[in-house]
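> To start, I am sharing the structure in question, which I have written as C-alpha coordinates.
The values are calculated or read from the model by the stated rules, or taken from the named source; none is laboratory data. As the structure is a computational prediction, the values presented were derived from the model and not from experiment. Cβ sites come from the backbone with ideal geometry, for glycine too, and all protein chains shown count toward neighbours. Note: accessible area is taken over every heavy atom of the protein model, side chains too, but ligands, DNA and RNA are not part of it. Shrake-Rupley method; radii C 1.70, N 1.55, O 1.52, S 1.80 Å.
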Amino acid sequence: MTTPQNNRPAPPTQLRLGLWGPPGSGKTTYLAALKLATMRRAEGVGNWIMNGLDEESTKFLEQSTDMLTHQRTFPTATTTDKSMLFRFTGEREVVRRNRFGRKIVEMEPISFELDVLDVPGGRYDSDRSLRQVPSQQIQFGGEDDVAGAPGKYAEPMSSVEQENQLLDHLQMCHGIVYLFDPERDSTEHDAFRYFHPVLDKLTERVMGQVHFNGTRLPQHVAVCVTKFDQPNIYRQAHLKGYTLMDREPPYLPRVPNDSAAEFFELLCADPLSNTDLVEKGLRQYFSTLNYFITSSIGFYVSGNRFRAQDSLNVERVSAGPDGFRIKGRVYPINVLEPLLWLYQSILPARP
(Lines give C-alpha, C1' and ligand atoms only; values in the text may rest on other atoms or scores of the structure.)
Protein backbone atom coordinates (compact mmCIF):
# COMPACT_ATOMS: atom_id res chain seq x y z
CA MET A 1 0.00 0.00 0.00
CA THR A 2 1.44 3.36 -0.98
CA THR A 3 1.68 6.30 1.35
CA PRO A 4 -0.92 9.07 0.79
CA GLN A 5 0.60 12.00 -1.06
CA ASN A 6 -0.18 14.47 1.75
CA ASN A 7 1.74 12.47 4.35
CA ARG A 8 4.99 14.09 5.40
CA PRO A 9 7.84 12.77 7.52
CA ALA A 10 7.90 13.68 11.16
CA PRO A 11 10.56 16.24 12.17
CA PRO A 12 14.00 14.68 11.69
CA THR A 13 15.53 12.65 14.49
CA GLN A 14 19.19 13.48 14.86
CA LEU A 15 21.45 10.51 15.31
CA ARG A 16 25.03 11.04 16.34
CA LEU A 17 27.05 8.13 15.01
CA GLY A 18 30.73 7.34 15.24
CA LEU A 19 32.83 5.56 12.63
CA TRP A 20 35.33 3.22 14.22
CA GLY A 21 37.99 1.24 12.36
CA PRO A 22 41.72 0.95 11.63
CA PRO A 23 43.50 2.61 8.69
CA GLY A 24 42.38 1.18 5.38
CA SER A 25 39.10 -0.24 6.70
CA GLY A 26 37.20 2.04 4.33
CA LYS A 27 35.57 4.62 6.61
CA THR A 28 35.69 7.48 4.09
CA THR A 29 34.67 5.23 1.18
CA TYR A 30 31.77 3.91 3.28
CA LEU A 31 30.50 7.46 3.80
CA ALA A 32 30.97 8.20 0.10
CA ALA A 33 29.04 5.08 -0.95
CA LEU A 34 26.00 5.97 1.15
CA LYS A 35 24.71 8.39 -1.49
CA LEU A 36 24.91 5.73 -4.22
CA ALA A 37 23.35 3.17 -1.88
CA THR A 38 20.23 5.33 -1.56
CA MET A 39 20.00 5.65 -5.35
CA ARG A 40 20.64 1.98 -6.23
CA ARG A 41 18.15 0.47 -3.80
CA ALA A 42 15.82 -2.02 -5.45
CA GLU A 43 12.28 -0.97 -6.20
CA GLY A 44 9.75 -1.89 -3.55
CA VAL A 45 12.11 -1.58 -0.58
CA GLY A 46 11.50 2.09 0.15
CA ASN A 47 12.69 5.30 -1.45
CA TRP A 48 15.52 7.19 0.26
CA ILE A 49 17.11 10.58 -0.32
CA MET A 50 20.43 11.67 1.24
CA ASN A 51 21.61 15.26 1.30
CA GLY A 52 24.20 17.33 3.12
CA LEU A 53 23.08 19.90 5.67
CA ASP A 54 26.05 22.22 5.47
CA GLU A 55 28.54 23.33 2.85
CA GLU A 56 31.29 20.89 3.82
CA SER A 57 28.93 17.88 3.89
CA THR A 58 27.35 18.77 0.54
CA LYS A 59 30.78 19.29 -1.01
CA PHE A 60 31.92 15.91 0.31
CA LEU A 61 28.93 14.18 -1.31
CA GLU A 62 29.48 15.96 -4.63
CA GLN A 63 33.20 15.24 -4.81
CA SER A 64 33.08 11.66 -3.52
CA THR A 65 30.17 10.70 -5.78
CA ASP A 66 32.08 12.07 -8.79
CA MET A 67 35.20 10.13 -7.77
CA LEU A 68 33.33 6.83 -7.42
CA THR A 69 31.26 7.15 -10.59
CA HIS A 70 33.04 9.37 -13.13
CA GLN A 71 36.70 9.29 -12.10
CA ARG A 72 36.35 5.70 -10.81
CA THR A 73 38.80 6.32 -8.01
CA PHE A 74 38.53 5.97 -4.26
CA PRO A 75 38.05 9.01 -2.02
CA THR A 76 41.22 10.13 -0.33
CA ALA A 77 41.64 8.64 3.12
CA THR A 78 40.92 11.02 5.97
CA THR A 79 44.00 12.82 7.29
CA THR A 80 42.23 15.35 9.54
CA ASP A 81 39.00 15.24 11.51
CA LYS A 82 35.87 15.84 9.43
CA SER A 83 32.59 16.61 11.13
CA MET A 84 29.71 16.24 8.67
CA LEU A 85 25.93 16.36 8.88
CA PHE A 86 23.58 14.53 6.51
CA ARG A 87 19.83 14.07 6.30
CA PHE A 88 18.12 10.85 5.19
CA THR A 89 14.48 11.07 4.15
CA GLY A 90 12.62 7.90 3.27
CA GLU A 91 10.10 5.30 4.34
CA ARG A 92 9.85 2.19 6.44
CA GLU A 93 7.36 -0.64 6.57
CA VAL A 94 5.02 -0.65 9.56
CA VAL A 95 2.44 -3.27 10.44
CA ARG A 96 -0.91 -1.94 11.65
CA ARG A 97 -4.40 -3.31 12.14
CA ASN A 98 -7.31 -1.94 10.16
CA ARG A 99 -10.78 -1.36 11.61
CA PHE A 100 -11.59 -5.02 11.06
CA GLY A 101 -8.59 -6.13 13.14
CA ARG A 102 -6.61 -7.41 10.17
CA LYS A 103 -2.89 -6.73 9.89
CA ILE A 104 -1.88 -4.45 7.04
CA VAL A 105 1.55 -3.27 5.94
CA GLU A 106 1.96 0.43 5.21
CA MET A 107 4.89 2.64 4.26
CA GLU A 108 5.52 5.31 6.87
CA PRO A 109 7.60 8.38 5.94
CA ILE A 110 10.53 9.04 8.27
CA SER A 111 13.53 11.33 8.39
CA PHE A 112 16.72 11.38 10.43
CA GLU A 113 19.93 13.36 10.50
CA LEU A 114 23.35 11.75 10.68
CA ASP A 115 25.98 13.67 12.63
CA VAL A 116 29.28 11.88 12.05
CA LEU A 117 32.91 12.56 12.90
CA ASP A 118 35.34 10.89 10.49
CA VAL A 119 38.86 10.71 11.92
CA PRO A 120 42.09 9.18 10.58
CA GLY A 121 42.28 5.45 11.30
CA GLY A 122 45.69 5.91 12.88
CA ARG A 123 44.02 7.81 15.70
CA TYR A 124 42.90 4.47 17.12
CA ASP A 125 46.43 3.04 17.36
CA SER A 126 47.39 2.12 20.92
CA ASP A 127 51.10 2.74 20.30
CA ARG A 128 51.48 5.81 18.14
CA SER A 129 48.27 7.59 17.17
CA LEU A 130 47.64 9.75 20.21
CA ARG A 131 51.24 10.44 21.13
CA GLN A 132 52.92 10.85 17.75
CA VAL A 133 50.23 12.16 15.41
CA PRO A 134 51.21 15.71 14.36
CA SER A 135 49.05 18.49 15.72
CA GLN A 136 46.36 19.61 13.28
CA GLN A 137 46.01 23.09 11.86
CA ILE A 138 42.35 23.91 11.44
CA GLN A 139 41.91 26.17 8.40
CA PHE A 140 39.11 28.66 8.00
CA GLY A 141 38.13 30.36 4.77
CA GLY A 142 38.60 29.26 1.17
CA GLU A 143 41.60 28.24 -0.87
CA ASP A 144 42.06 31.78 -2.13
CA ASP A 145 42.96 33.12 1.32
CA VAL A 146 46.38 34.72 1.40
CA ALA A 147 48.89 32.49 3.15
CA GLY A 148 49.76 33.83 6.55
CA ALA A 149 46.81 36.22 6.69
CA PRO A 150 45.59 36.99 10.22
CA GLY A 151 42.90 34.60 11.38
CA LYS A 152 43.55 32.05 8.64
CA TYR A 153 44.46 29.26 11.04
CA ALA A 154 43.18 28.30 14.46
CA GLU A 155 45.60 27.19 17.11
CA PRO A 156 46.93 23.67 16.36
CA MET A 157 45.24 20.85 18.24
CA SER A 158 47.55 18.89 20.50
CA SER A 159 47.48 15.10 20.53
CA VAL A 160 45.65 15.20 23.87
CA GLU A 161 43.01 17.54 22.42
CA GLN A 162 42.62 15.25 19.41
CA GLU A 163 42.13 12.28 21.72
CA ASN A 164 39.56 14.15 23.79
CA GLN A 165 37.69 15.26 20.68
CA LEU A 166 37.42 11.67 19.46
CA LEU A 167 36.37 10.31 22.85
CA ASP A 168 33.91 13.18 23.42
CA HIS A 169 32.25 12.34 20.13
CA LEU A 170 32.07 8.58 20.75
CA GLN A 171 30.80 9.10 24.29
CA MET A 172 27.97 11.31 23.00
CA CYS A 173 27.14 8.95 20.12
CA HIS A 174 23.84 7.10 20.10
CA GLY A 175 25.37 4.46 17.86
CA ILE A 176 28.65 3.33 16.35
CA VAL A 177 29.42 1.83 12.95
CA TYR A 178 32.37 -0.45 13.61
CA LEU A 179 34.20 -1.36 10.39
CA PHE A 180 36.17 -4.59 10.41
CA ASP A 181 38.47 -5.12 7.43
CA PRO A 182 39.13 -8.86 7.05
CA GLU A 183 41.38 -8.29 4.03
CA ARG A 184 43.75 -6.11 6.04
CA ASP A 185 43.57 -8.24 9.16
CA SER A 186 44.49 -11.40 7.25
CA THR A 187 47.94 -9.87 6.62
CA GLU A 188 48.47 -7.23 9.33
CA HIS A 189 46.73 -9.02 12.25
CA ASP A 190 46.25 -5.66 13.97
CA ALA A 191 42.49 -5.23 14.41
CA PHE A 192 42.74 -5.70 18.17
CA ARG A 193 45.60 -3.20 18.40
CA TYR A 194 43.32 -0.48 16.99
CA PHE A 195 40.29 -1.71 18.96
CA HIS A 196 41.19 -2.03 22.61
CA PRO A 197 42.69 1.42 23.39
CA VAL A 198 39.54 3.25 22.32
CA LEU A 199 37.33 0.69 24.06
CA ASP A 200 39.30 1.06 27.30
CA LYS A 201 39.21 4.85 27.30
CA LEU A 202 35.54 5.00 26.32
CA THR A 203 34.65 2.52 29.07
CA GLU A 204 36.56 4.55 31.63
CA ARG A 205 34.64 7.67 30.67
CA VAL A 206 31.16 6.15 30.50
CA MET A 207 31.34 3.99 33.60
CA GLY A 208 32.98 6.79 35.55
CA GLN A 209 29.87 8.94 35.28
CA VAL A 210 28.12 9.46 38.61
CA HIS A 211 24.65 8.60 37.31
CA PHE A 212 25.64 5.64 35.12
CA ASN A 213 24.46 2.37 36.63
CA GLY A 214 24.62 0.03 33.64
CA THR A 215 26.84 -3.02 33.19
CA ARG A 216 27.60 -2.42 29.50
CA LEU A 217 28.20 0.59 27.29
CA PRO A 218 24.96 2.20 26.06
CA GLN A 219 25.89 2.76 22.41
CA HIS A 220 24.22 0.58 19.79
CA VAL A 221 26.81 -0.94 17.46
CA ALA A 222 26.45 -1.95 13.82
CA VAL A 223 29.37 -4.30 13.12
CA CYS A 224 30.22 -4.06 9.41
CA VAL A 225 32.55 -6.61 7.83
CA THR A 226 33.90 -4.65 4.88
CA LYS A 227 35.29 -5.59 1.46
CA PHE A 228 32.95 -8.51 0.82
CA ASP A 229 33.78 -7.91 -2.86
CA GLN A 230 37.37 -9.12 -2.37
CA PRO A 231 37.73 -12.60 -3.92
CA ASN A 232 39.16 -14.31 -0.83
CA ILE A 233 36.41 -12.91 1.43
CA TYR A 234 33.61 -13.79 -0.99
CA ARG A 235 35.12 -17.24 -1.55
CA GLN A 236 35.13 -18.01 2.16
CA ALA A 237 31.51 -16.93 2.52
CA HIS A 238 30.45 -18.92 -0.54
CA LEU A 239 32.33 -22.12 0.34
CA LYS A 240 30.98 -22.06 3.91
CA GLY A 241 27.42 -21.72 2.61
CA TYR A 242 26.71 -18.21 3.89
CA THR A 243 25.77 -16.55 0.58
CA LEU A 244 22.45 -16.11 -1.16
CA MET A 245 21.85 -14.48 -4.55
CA ASP A 246 19.53 -11.54 -5.16
CA ARG A 247 16.42 -12.52 -7.10
CA GLU A 248 16.60 -9.45 -9.34
CA PRO A 249 19.32 -8.44 -11.82
CA PRO A 250 22.27 -8.19 -11.52
CA TYR A 251 21.82 -11.15 -9.08
CA LEU A 252 24.46 -10.04 -6.59
CA PRO A 253 25.49 -12.36 -3.75
CA ARG A 254 24.84 -11.37 -0.15
CA VAL A 255 25.30 -12.80 3.31
CA PRO A 256 21.93 -12.59 5.10
CA ASN A 257 22.09 -10.56 8.30
CA ASP A 258 21.04 -13.53 10.42
CA SER A 259 24.24 -15.31 9.28
CA ALA A 260 26.55 -12.28 9.44
CA ALA A 261 27.51 -12.67 13.12
CA GLU A 262 28.57 -16.28 12.56
CA PHE A 263 30.62 -15.35 9.50
CA PHE A 264 32.26 -12.49 11.44
CA GLU A 265 33.19 -14.90 14.22
CA LEU A 266 34.71 -17.27 11.65
CA LEU A 267 36.83 -14.46 10.17
CA CYS A 268 38.04 -13.49 13.65
CA ALA A 269 39.17 -17.02 14.52
CA ASP A 270 42.68 -16.64 13.04
CA PRO A 271 45.10 -18.42 15.42
CA LEU A 272 47.92 -16.11 14.29
CA SER A 273 46.22 -12.99 15.69
CA ASN A 274 44.24 -11.68 18.65
CA THR A 275 41.30 -10.74 16.47
CA ASP A 276 39.02 -13.12 18.38
CA LEU A 277 39.26 -10.57 21.21
CA VAL A 278 37.60 -8.00 18.95
CA GLU A 279 34.61 -10.27 18.39
CA LYS A 280 34.41 -11.18 22.08
CA GLY A 281 35.05 -7.60 23.22
CA LEU A 282 32.14 -6.24 21.20
CA ARG A 283 29.75 -8.75 22.75
CA GLN A 284 31.18 -8.26 26.25
CA TYR A 285 31.06 -4.44 26.30
CA PHE A 286 27.94 -3.66 24.22
CA SER A 287 24.50 -5.19 24.68
CA THR A 288 22.86 -4.00 21.45
CA LEU A 289 24.66 -5.20 18.32
CA ASN A 290 23.82 -6.23 14.80
CA TYR A 291 26.09 -7.54 12.05
CA PHE A 292 26.35 -6.73 8.35
CA ILE A 293 28.59 -8.07 5.57
CA THR A 294 29.24 -5.04 3.41
CA SER A 295 30.97 -3.71 0.33
CA SER A 296 31.14 -0.04 -0.55
CA ILE A 297 31.83 -0.55 -4.27
CA GLY A 298 30.30 -3.99 -4.73
CA PHE A 299 31.13 -6.58 -7.38
CA TYR A 300 31.96 -6.04 -11.04
CA VAL A 301 28.90 -6.59 -13.19
CA SER A 302 29.02 -7.34 -16.92
CA GLY A 303 25.88 -7.74 -19.00
CA ASN A 304 23.71 -6.92 -15.96
CA ARG A 305 24.70 -10.20 -14.30
CA PHE A 306 27.14 -11.17 -11.55
CA ARG A 307 29.76 -13.70 -12.61
CA ALA A 308 31.93 -15.23 -9.89
CA GLN A 309 34.87 -15.79 -12.25
CA ASP A 310 34.99 -12.06 -13.11
CA SER A 311 33.68 -10.26 -10.05
CA LEU A 312 36.53 -8.07 -8.78
CA ASN A 313 35.51 -4.45 -9.31
CA VAL A 314 39.05 -3.05 -9.02
CA GLU A 315 41.84 -3.13 -11.57
CA ARG A 316 45.46 -1.99 -11.45
CA VAL A 317 46.28 0.81 -13.90
CA SER A 318 49.69 1.94 -12.60
CA ALA A 319 52.35 1.04 -10.06
CA GLY A 320 52.16 1.97 -6.42
CA PRO A 321 49.54 1.72 -3.67
CA ASP A 322 47.27 4.27 -5.39
CA GLY A 323 47.48 2.70 -8.83
CA PHE A 324 44.01 1.16 -8.74
CA ARG A 325 40.84 2.06 -10.58
CA ILE A 326 37.23 1.03 -10.05
CA LYS A 327 36.45 -1.25 -12.97
CA GLY A 328 32.69 -0.83 -13.43
CA ARG A 329 29.57 0.52 -11.82
CA VAL A 330 29.46 0.86 -8.06
CA TYR A 331 26.87 -1.43 -6.45
CA PRO A 332 27.03 -0.83 -2.66
CA ILE A 333 26.06 -3.87 -0.58
CA ASN A 334 24.62 -3.44 2.93
CA VAL A 335 25.89 0.14 3.25
CA LEU A 336 22.66 1.98 4.04
CA GLU A 337 21.15 -0.90 6.02
CA PRO A 338 23.36 -0.46 9.13
CA LEU A 339 22.14 3.13 9.48
CA LEU A 340 18.51 2.11 9.08
CA TRP A 341 18.96 -0.58 11.73
CA LEU A 342 20.60 1.93 14.09
CA TYR A 343 17.67 4.29 13.58
CA GLN A 344 15.15 1.53 14.25
CA SER A 345 16.92 0.26 17.36
CA ILE A 346 17.97 3.58 18.89
CA LEU A 347 14.71 5.49 18.52
CA PRO A 348 12.62 3.35 20.93
CA ALA A 349 15.51 3.33 23.47
CA ARG A 350 15.91 7.10 23.62
CA PRO A 351 14.30 8.96 26.53
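> Share of Cα-Cα pairs in region 221-348 beyond 25 Å, in percent?
Counting every Cα pair in region 221-348, those more than 25 Å apart make up 32 percent.
> So with the 1.4 Å probe, I'd like the accessible area per residue for region 211-304, rounded to whole Å².
In whole numbers, region 211-304 has 49 Å² accessible per residue.
> For labels at Asp276 and Val94 in the simple 7 Å Cα→Cβ model, what's the distance in nm?
4.6 nm
> For His220, what accessible area in Å² do you get when you roll a 1.4 Å probe over the heavy atoms of the protein chains, rounding to the nearest 10?
Rounded to the nearest 10, that gives 20 Å².
> Shifting gears a bit: State, to one decimal in nm, how far the label point of His70 lies from the label point of Ser159, with both points 7 Å from Cα in the Cβ direction.
Calculated label separation equals 4.1 nm.
> What does the charge count near Met84 come to, summing +1 for each Lys or Arg and -1 for each Asp or Glu among other residues with Cβ under 15 Å from its Cβ?
For residues surrounding Met84, the net value is -2.
> Using Cα positions and a limit of under 13 Å, work out the aspartates and glutamates in reach of Lys280, with same-chain residues fewer than 8 apart set aside.
In chain and number order, the partners are Glu262, Glu265.
> If you don't mind, there's one more thing I want to ask. Give me the accessible area of Ile176, 1.4 Å probe, in Å² rounded to the nearest 10.
Ile176 exposes around 0 Å² with every protein chain in place.
> Got a number for carbon plus sulfur as a percent of region 146-294's accessible area, 1.4 Å probe?
Heavy-atom surface of region 146-294 belonging to carbon and sulfur, 1.4 Å probe: 51 percent.
> Computed over the Cα atoms, what is the radius of gyration of region 44-107 divided by 2.2 N^0.38 Å, N being its residue count?
Compared with the compact-globule rule of thumb, region 44-107 sits at 1.76.
> Considering the options Tyr194, Phe212, Ala237, tell which one lies farthest towards the positive end of the dipole of region 178-251, charges being +1 on Lys and Arg and -1 on Asp and Glu at the Cβ, about the Cα centre.
The Cα lying farthest towards the positive end belongs to Phe212.
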